[in-house]
Amino acid sequence: MLVVSNVTKKYGKLVANDNVTFTAEGGEVSLLLGPNGAGKTTLIKCISGLLRFTGSIEICGYGNKTLQAKRYFGYIPEVPALYDMLTVWEHLEFIARAYSLENWEGRADQLLERFELDDKKKKLGRELSKGMQQKLSICCGILSEPKVILFDEPMVGLDPHAIKELKNLIVEQKQAGNAVLISTHMLDSVADFWDSTNIMMDGKIVDRRKRREMEAAGENLEDVFFRITKREND
Amino acid sequence: MKALSYLIFTQIKNRILSLKKKPALLIFYIIIFLFVIGSMVTLLFFGKAQESKPNADDRVLFLFICGFGLLYLYTFIVSGLSTGSSLFSMADVGLLFVAPISNKKILFYGLISTIGKTIFASIFIIYQVPNLKKSFDYSTIEVLGLFFIYIVMIVFCQIFSIGIYLFSNGNQARKNLVKTLLYGFFGVLAFSVYMIIQDRQVDILEAAKILVDSKWFGYAPVAGWSIMFFKGLLEGTVMQIAISLILFIGFSVLIISLLTAHDADYYEDVLYSTEKTFQMQKDYKEGRNLSGTVNRKIKIKDNENGIGKGKGASVFAYKHMLEMKRVSRFVFIDSATVFFAAGAAIAGHYIKEDVYGYIVLSVLVYLQFFTTVLGRLKIELIKPFIYLVPESSFKKLIAASFTSLIKPCIDGFIIFGAFALTGGASLPQCFLMALAYSSTGAVFVGLTIVYQRVLGGQPSKILQALISMILFIAIFTPSIAATVLVSIFILPDSLKFLTLLPFVIVNYICAFIIFYSCRNLLDNTEYSEGMSLPVR
């Protein structure tokens with residue numbers, strides 16, 4: 001569903017992503033792991049079509065900047081970017097209208113209820129706390145029922161209830177056959193449901209593992225992560 | 001005190017060292033430094049060679065001092081009534097306030113660093129040395145005195161703002177009292193000008209000059225005290241200088257004493273304002289709250305909760321109209337429209353020559369630049385949605401620019417309608433001025449787009465400012481050239497009112513070319529949270 005091939009992103013002399021190649025399959029939760037500054041957020045932004053890059057990225061068989069691809073993916077940024085003067089409900093209405101969605105109201109209500117925002121429908125974006133903004137940002141990213149969902153540090157700022165709901169939601173997306181890509185450095189938060197992992201260091205993917213391979217070898221995510229990142233640092 | 005002096009000197013050192021990585025900024029600072037040195041040399045060695053200017057009117061400078069003084073007084077009092085001012089940064093709050101260092105020493109550190117920043121920010125006065133010398137024949141001491149009193153004025157206003165906050169925080173009656181005194185003070189000044197006009201049969205400018213030059217005005221807070229100091233310096237009256245400084249220092253000491261009373265537990269009093277200041281700076285850096293948002297609480301009723309119209313790209317335009325409605329119930333007509341229209345009406349009443357009409361238009365276009373390039377299209381470009389929505393880039397660009405294109409048209413006809421009503425210019429001329437205002441609005445929207453196309457992702461702030469200035473000149477050169485050529489070589493005197501027509505036509509052509517040539521902007525540009533503004 002998501003095919004990233006030889007993606008390189010440079011900022012002047014700084015190489016943020018260096019010839020990155022990986023895939024994320026439908027029905028899988030793929031992780032982008034790495035220490036701060038590894039290039040995870042840059043890669044997610046390249047996949048979302050927000051940054052220029054060299055190489056190619058395909059979403060459901062379409063180039064990531066095509067209109068078809070945009071219909072298929074949802075992006076939840078690390079820092080929620082909401083409109084100050086739109087209410088919670090209007091943000092969802094805006095997404096529904098922009099993506100020309102039909103019969104979206106029931107789904108929007110469900111999402112707001114799941115993330116305990118149903119009593120905040122009339123609150124303006126600027127009146128929401130950071131956690132509430134993050135919850136609304138998740139609802140906006142999911143409303144269009146994307147096939148490929150890109151999460152950038154989705155758990156940051158969420159309360160325990162919202163973290164639980166988000167984990168449930170990710171598992172549901174996986175069960176529905178959608179591809180979920182999560183960039184994070186909070187290993188504990190994704191330990192229960194990941195299927196494949198891509199460990200990044202200095203803009204490169206230095207290791208790729210499948211969960212079943214790792215479990216067969218008697219390893220766990222945290223040990224592998226620290227061993228690889230330490231080795232690379234040395 | 002060791003930690004605090006270490007903090008001050010290390011920050012200065014690191015700031016200087018960081019210039020090694022920013023050569024353009026270093027060159028900029030060197031130019032400023034050389035200019036300041038040049039000004040000082042001019043002042044010291046060639047100061048006495050100038051002929052005195054018998055027609056130089058010191059009162060003009062008093063008016064400037066008064067203007068700055070009143071502006072700062074009003075701004076800082078209003079800030080004091082809401083959040084107070086702050087001498088500290090968020091890093092100070094997080095690291096210093098919790099450190100085992102005396103609160104009074106930390107306050108002293110805050111004052112010292114604020115004075116340092118103010119001196120740095122006020123260096124522009126030194127630029128004015130040649131002008132001050134040329135116009136008023138001031139000596140070194142007098143120019144330095146002006147520089148000194150300007151810094152005193154700003155630092156005092158910051159302390160005063162904290163004092164107002166301490167006095168009025170959480171007490172509506174005291175807030176009302178401060179407001180009454182503030183507006184009463186401005187009312188007395190306005191009434192005094194009116195009385196002078198009536199009494200001496202002079203115009204408003206002369207009346208203002210007489211007022212600021214009067215002896216009692218020297219006792220008016222901030223503006224008057226500053227003028228008293230400067231007059232004392234000019235006239236060599238030590239008493240005036242002393243009284244002025246006593247007033248500034250006395251009130252400062254009083255406020256600081258209040259602040260440091262009760263074991264100097266002032267942290268809570270400055271915390272809120274520090275957080276607010278930090279948030280404002282952060283918002284500015286990230287390009288948030290650029291325009292159209294208001295600080296007041298907005299209550300949304302059930303029947304008002306919804307965009308209601310739009311599908312695909314067009315939803316951006318409807319969303320903008322909803323956001324504008326939340327700011328002003330008349331959507332496109334907001335307080336800026338009313339303010340500009342009132343200004344144009346007043347100008348129209350006093351101005352009867354064509355050339356002044358064009359000056360009014362120029363001033364309004366200058367102000368329009370800031371309201372447009374910091375407008376809703378700019379806000380859209382710093383959010384990810386416009387890049388993600390599955391619609392063509394051109395459609396999204398047009399939809400997101402829609403309100404920014406329409407508003408100048410409506411503003412233009414209201415503003416120049418008011419100008420025509422009060423007799424500023426003939427109706428056809430005002431009609432063309434309104435069209436010209438609309439067309440510059442379209443060009444400024446285009447400038448926002450070109451800026452993003454050319455500079456999206458460009459990290460150098462200096463380069464950004466330089467290129468955007470070149471873009472600005474390049475975009476307006478054809479329309480201004482066309483206007484000048486057509487009005488000089490083609491238009492007969494009977495059709496002179498059509499002078500602005502080429503300006504309008506060329507502007508709209510330029511805007512169209514920009515829109516068309518940048519139609520794929522959103523596919524090719526880079527999204528960046530907190531982009532810089534086109535021209536700072």
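Can you pull out every residue in region A:111-136 that is polar (S, T, N, Q) and surrounded by fewer than 22 Cβ atoms within 10 Å (Cβ to Cβ)? If the condition is that a residue be polar (S, T, N, Q) and surrounded by fewer than 22 Cβ atoms within 10 Å (Cβ to Cβ), then A:SER129, A:GLN133 are the ones that fit.
Taking residues in region B:316-343 that are closer than 14 Å to B:SER401 by Cα and away from every other protein chain (no Cβ under 12 Å), and partners anywhere that are outside any loop (DSSP other than H, G, I, E, B) and at pLDDT 90 or above, the pairs with Cβ atoms closer than 7 Å and at least 6 places apart or on different chains are B:PHE332/B:MET324; B:PHE332/B:ILE406; B:PHE332/B:LYS407; B:PHE332/B:ILE410. Where residues in region A:97-106 are at the interface with another protein chain (Cβ under 9 Å from one of its Cβ atoms) and in a helix (DSSP H, G or I), which of them is farthest from the chain's Cα centre (by Cα)? That would be A:ARG97. What about A:ASP207, is it assigned to a helix (DSSP H, G or I) and not polar (S, T, N, Q)? It is false that A:ASP207 is assigned to a helix (DSSP H, G or I) and not polar (S, T, N, Q). Exactly one residue out of B:ALA418, B:ALA344 is more than 24 Å from B:MET469 (Cα to Cα), buried (at least 17 other Cβ atoms within 10 Å of the Cβ) and under 21 Å from the mean Cα position of the chain (by Cα), and it is B:ALA344. When the helices (runs of 4 or more DSSP H) confined to region A:121-191 are screened for residues that are of a type in the set (S, T, N, Q), those reaching at least 2 such residues are found at A:130-143, A:160-175. Of the helices (runs of 4 or more DSSP H) contained entirely in region B:54-148, those carrying at least 1 residues that are modelled with pLDDT of 85 or more and surrounded by fewer than 16 Cβ atoms within 10 Å (Cβ to Cβ) fall at B:58-82.
Can you tell me which residue within region A:109-129, out of those that are under 20 Å from B:PHE385 (Cα atoms) and more than 12 Å from chain B (Cβ to nearest Cβ), is farthest from the chain's Cα centre (by Cα)? Residue satisfying both the conditions and the ranking: A:LEU128. The set of residues from region A:1-53 being of a type in the set (Gly, Ala, Ser), away from every other protein chain (no Cβ under 14 Å) and in a strand (DSSP E or B) comprises A:SER5, A:ALA24, A:SER30. Look at (1) within 11 Å of chain B (Cβ to nearest Cβ); (2) surrounded by fewer than 24 Cβ atoms within 10 Å (Cβ to Cβ); (3) of a type in the set (A, V, I, L, M, F, W, C); (4) in contact (Cβ under 8 Å) with a residue 60 or more places away in the chain and you find that A:PHE73 fails only one, number (2). Taking the condition among the aromatic types (Phe, Trp, Tyr), within 14 Å of chain A (Cβ to nearest Cβ), in contact (Cβ under 8 Å) with a residue 60 or more places away in the chain and part of a helix (DSSP H, G or I), does B:PHE402 pass? The answer is no for B:PHE402. Every condition in (1) more than 13 Å from every other protein chain (Cβ to nearest Cβ); (2) within 21 Å of the chain's Cα centre (by Cα); (3) free of Cβ contacts under 8 Å to residues at least 12 places away in the same chain holds for A:THR66 except the one numbered (1).
When residues in region A:186-213 are screened for being crowded, with 16+ Cβ neighbours inside 10 Å, at pLDDT below 90 and either of a type in the set (S, T, N, Q) or more than 14 Å from A:ALA38 (Cβ to Cβ) (or both), 1 of them pass. I'd like the full set of residues that are modelled with pLDDT of 75 or more, under 25 Å from B:LEU374 (Cα atoms) and more than 8 Å from chain A (Cβ to nearest Cβ), limited to region B:281-308. Within region B:281-308, no residue meets the criteria.
The values are calculated or read from the model by the stated rules, or taken from the named source; none is laboratory data. Worth saying up front: this structure is predicted, and the values here are computed from it rather than measured. Note that each Cβ is placed from the backbone with ideal geometry, even for glycine, and that neighbours are counted across all protein chains shown.
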